[in-house]
Amino acid sequence: MSALRFSESVSARLEDGVLLVTIDNPPVNALSAHVRTGLAAALNHAAGTVEIAGVVLTGAGRAFIGGADIREFGKPPVEPSLPDVVGRIEAFDKPVICAVNGVALGGGCEVALACHGRIAVETAAFGLPEVKLGIVPGAGGTQRLPRLVGTLAAIDLIGTGRTVKSLDAMALGLADAVSAHPVATAASLVRQVAGQPLRRTGSLDVPPVDDDALDAAAAKVLAKSRGQSAPAEAIRLVRAAGGVDLEAGLAEERATFLRLRDSTESAALRHVFFAERAAGKVEQLEGITPRRIETVGIVGTGLMGSGIAVAALTSGHRVIGLEQTPEAAAAGMGRIAGLLDKAVQSKRLTAAALDACLARLETTADASALAAADLVIEAVFDDLAVKTDLFRRLDGIVRPDAILATNTSYLDPDAIADATTDPRRVLGLHFFSPAHIMRLVEVVDCAKTAPDVLVSALAFVKRLGKLPIVSGVTEGFIGNRIFSAYRREAEFMVEDGAEPQAVDAAMEAYGFPMGIFAVNDMAGLEIAWARRKRQAATRSPDERYVEIADRLCEAGRLGRKTGRGWYAYPDGVRTIDPNVTAIIDAARAAKGIVPRNFTAEEITDRLLKAMVDEGAALLAEGIAARPGDIDLVMINGYGFPAHKGGPMFAAGRHEERTA
Ligand code: 3H9
């Protein structure tokens, strides 16, 4: 029979009395208006055609349905709404079974929940990730999921927004069966259940659960979502599902969804979502094919190098770790294997994958081994002479088409590139520590980096599963330059009268996991101290300079590793130290500063402004391409709360509010 078309994205064919409906709305089959219209029309057709026994719903391409169309949020609503379509599916008097061929997320999962049966391929995944966008499910997810999998599992899934693969979904009761041919399996299920009473999720009772268990499940989720409102709202709705009828539960869910959809938190998280998709895309580079990168040389297998090695190994690369001596190479191997072991213990890696990683790993003191590398990443001591000498030597060892990357965080990568005969193949890959965990990588486009080298590095970072952000060359690149501006402003305020703990408390209340002085203590104060000493000769005498951090370092207070820095740490607990207060008082007195009070609001406003001003300068200088890139760097590298959208986004909202 010829294909039936219900809208530009929904078509169907009739096969042995079953209407096989396919949603084809690339890239992820989001539930745009024409998909909803098409689904409603397909249901009408099935309702009015006697020879149709039931319906199978599936998606074309990789996804089943990626959710509501996020790009439609904020636009005028178009009928039919998703809750209407979902409600019609559930109430349909012929069986509607979904053949979940790929991800069923958000509204996609809600469509699946409303179907009378769910058959999935093994590689598919189910999830209600709405909280990650600052909203709650809005088409029945909070009411139907607990009916199907129980309230505890629903709190976990909806509260965290995590996805589950098909086999786990089946174990939970969310998927009915896993099949390599889900459409055929779903069609035979339609034929089997046609004419019989249908299992409608909304008619099921929510299994009763003990209140203490519910409190514990909720507390576990909320502990990880500090400062955000969507997870708490989602949990409230899920918990209520057991006590109210479906209609009342759906009405409350809808009202909450609409309220949160218009919140700043949701706008911020949507901004982050789209910024992430835009990150690493460079218009001028479109159409350039990346070079093949399979073998990665890593020079220096210390803390940073071993983390990078683990990221490369677990994403399928071969790794050659280079050290200066065979003993150091063996120690490097031990460090990398240790990190891989930890990944197995924490279930981030299977034992089989660990063996495969180790089989692709070699560490050596013989630099000529790097001749096999497609990319060499240097992660040695951050000293210009050491690095330029290394790059000069690498130049003579690696293949002419191999890419060379430096992991420097503060040195000038152009100077490092110029030590080679072909600086076009050199760029910066600034990983954050621990490199196997942190997602952010600043990809530093040096003055002479060739376009295909940049494209290849971006593709490599994406293959690592990380987030590449392109930065131009500047002291500290995007992140550390903003971080320096943040630190400078914080120190100004401390000199003027704010206590470090008040500054930290204000930023922690804003949503940072740790205030700046606590972060400095954690990272160690000596690197910034060394840099300040290096810069002393060129610093303008007119520039305001706060000496408090220097005094702390001179007193041996280098941060947590020395047991004290901006704070003391008796028994590991961050504590205000009167000795620091005395150092600060003395510094203020030496400059004749009479300390004044700062409110928490003034502290956050001034620190955000310092970040935003530096961000604006980075954009003006062409170091950062987009405000969203700056936001992602601060969120993923420096603890800026994602639900505030990053400094550039927050500044825009602030301007809107005060305009
Ligand atoms: C919801 O459903 C609310 C309901 O409860 C209630 C409603 C009443 N809409 O990530 P990728 C675009 S809220 C519009 O690189 P992948 C994305 O921008 C929604 N566009 O691919 C990108 O565009 P471009 C709940 C979307 O294969 C392109 O698709 N759902 C949507 O790595 C490719 O994206 C979610 O939160 C969307 N829903 O991963 C799921 N999703 O090419 C969000 C993606 O122009 N999506 N795009 O840059 C994802 O998690 C991933 O995109 C997915 C694919 C796993 C689906």
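The values are calculated or read from the model by the stated rules, or taken from the named source; none is laboratory data. Quantities reported herein were computed from a predicted structural model and do not represent experimental measurements. For neighbour counting, all protein chains shown are included, and Cβ atoms are generated from backbone atoms with ideal geometry for every residue, glycine included. These accessible areas exclude ligands, DNA and RNA; they are computed on the full protein's heavy atoms, side chains included. Shrake-Rupley method; radii C 1.70, N 1.55, O 1.52, S 1.80 Å.
Scanning the stretch 160-178 for residues that are within 14 Å of the ligand (Cβ to nearest atom) and not hydrophobic (A, V, I, L, M, F, W, C), we see that the one that is farthest from Phe73 (Cα to Cα) is Lys165. Could you please let me know if Gly302 is open to solvent by 10 Å² or more (accessible area, probe 1.4 Å), over 30 Å from Leu128 (Cβ atoms) and among the small types (Gly, Ala, Ser)? Yes: the conditions hold for Gly302.
Only residues that are open to solvent by less than 10 Å² (accessible area, probe 1.4 Å), near the ligand (Cβ under 9 Å from one of its atoms) and touching a helix residue (DSSP H, G or I) at 6+ places or on another chain (Cβ under 7 Å) were counted across the stretch 101-124, and they come to 4.
Per-residue answers, yes or no, for (1) part of a helix (DSSP H, G or I); (2) polar (S, T, N, Q):
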position	(1), (2)
Ala589	yes, no
Val594	no, no
Thr604	yes, yes
Leu608	yes, no
Met611	yes, no
Ala625	no, no
Leu632	yes, no
Ile635	yes, no
Ala650	yes, no
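Among the residues of the stretch 127-159, those identified as within 10 Å of the ligand (Cβ to nearest atom) and open to solvent by 20 Å² or more (accessible area, probe 1.4 Å) are Pro129, Lys132, Leu133. Could you tell me whether any residue of the stretch 398-408 is farther than 15 Å from Gly297 by Cβ, touching a residue at least 24 places away in the same chain (Cβ under 8 Å), buried (at least 16 other Cβ atoms within 10 Å of the Cβ) and in contact with a strand residue (DSSP E or B) (Cβ under 8 Å, 6 or more places away or on another chain)? Yes, the stretch 398-408 contains a residue that is farther than 15 Å from Gly297 by Cβ, touching a residue at least 24 places away in the same chain (Cβ under 8 Å), buried (at least 16 other Cβ atoms within 10 Å of the Cβ) and in contact with a strand residue (DSSP E or B) (Cβ under 8 Å, 6 or more places away or on another chain). Of all residues in the stretch 137-155, those that are aliphatic (A, V, I, L, M) have Cβ atoms under 7 Å from Cβ atoms of residues that are within 16 Å of the ligand (Cβ to nearest atom) and not in a helix (DSSP H, G or I), 6 or more apart or on another chain, in Leu145/Leu128; Leu148/Leu174; Val149/Leu174.
Scanning the stretch 160-193 for residues that are within 21 Å of Val55 (Cβ to Cβ), without any contact (Cβ under 8 Å) to a residue 40 or more places away in the chain and surrounded by 19 or more Cβ atoms within 10 Å (Cβ to Cβ) yields nothing.
Arg71 falls short of the stated requirement of being of a type outside the set (A, V, I, L, M, F, W, C), in contact with a Pro (Cβ under 9 Å, 6 or more places away or on another chain) and assigned by TED's automatic domain parsing to the domain that holds Gly134. Filtering the stretch 447-475 to residues that are in contact (Cβ under 8 Å) with a residue 40 or more places away in the chain, touching a helix residue (DSSP H, G or I) at 6+ places or on another chain (Cβ under 6 Å) and among the small types (Gly, Ala, Ser) leaves only Ser471. Working carefully through the options Asp69, Asp93, Asp84, find the one that is within 16 Å of the ligand (Cβ to nearest atom) and closer than 22 Å to Arg200 by Cβ. Among Asp69, Asp93, Asp84, only Asp84 is within 16 Å of the ligand (Cβ to nearest atom) and closer than 22 Å to Arg200 by Cβ.
Here Gly61 fulfils each of the conditions (1) away from the ligand (no atom under 11 Å from the Cβ); (2) open to solvent by 10 Å² or more (accessible area, probe 1.4 Å) apart from (1). Listed by first and then second residue, the pairs with beta-carbon distance under 6 Å, at least 6 apart or on different chains, first residue in the stretch 60-86 and free of Cβ contacts under 8 Å to residues at least 24 places away in the same chain, second more than 6 Å from the ligand (Cβ to nearest atom), form an empty list.
Restricting the stretch 67-82 to residues that are small (Gly, Ala, Ser) and assigned to a loop (DSSP other than H, G, I, E, B), the residue that is farthest from Glu265 (Cα to Cα) is Ser81.
Highlighted here are the helices (runs of 4 or more DSSP H) found entirely within the stretch 229-291 that include at least 3 residues which are within 14 Å of the ligand (Cβ to nearest atom) and surrounded by fewer than 20 Cβ atoms within 10 Å (Cβ to Cβ): 246-261, 264-278.
Within the stretch 598-607, being within 23 Å of Ala267 (Cα to Cα) and surrounded by 21 or more Cβ atoms within 10 Å (Cβ to Cβ) holds for one residue alone: Leu607. Just one of the numbered conditions (1) in contact with a Lys or Arg (Cβ under 6 Å, 6 or more places away or on another chain); (2) within 15 Å of the ligand (Cβ to nearest atom) is not true of Gly54; which one? Failed condition: (2). For the criterion of being surrounded by fewer than 20 Cβ atoms within 10 Å (Cβ to Cβ) and at negative phi, Asp445 fails.
To keep it simple, each residue is scored yes or no on (1) over 24 Å from the mean Cα position of the chain (by Cα); (2) farther than 26 Å from Leu632 by Cβ; (3) not assigned by TED's automatic domain parsing to the domain that holds Ser409.
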site: Ala279; (1), (2), (3): no, no, yes
site: Ala331; (1), (2), (3): yes, yes, no
site: Thr350; (1), (2), (3): no, yes, no
site: Ser368; (1), (2), (3): yes, yes, no
site: Ala371; (1), (2), (3): yes, yes, no
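The condition (being part of a loop (DSSP other than H, G, I, E, B) and under 24 Å from Ala68 (Cα atoms)) is satisfied by just one residue among Pro137, Pro197: Pro137. Taking the numbered list (1) modelled with pLDDT of 95 or more; (2) more than 6 Å from the ligand (Cβ to nearest atom); (3) among the aliphatic types (A, V, I, L, M) in turn, Val78 passes all entries but (1). Applying the criterion of at least 3 residues that are aromatic (Phe, Trp, Tyr) and modelled with pLDDT of 95 or more to the helices (runs of 4 or more DSSP H) found wholly in the stretch 423-515 leaves 477-496.
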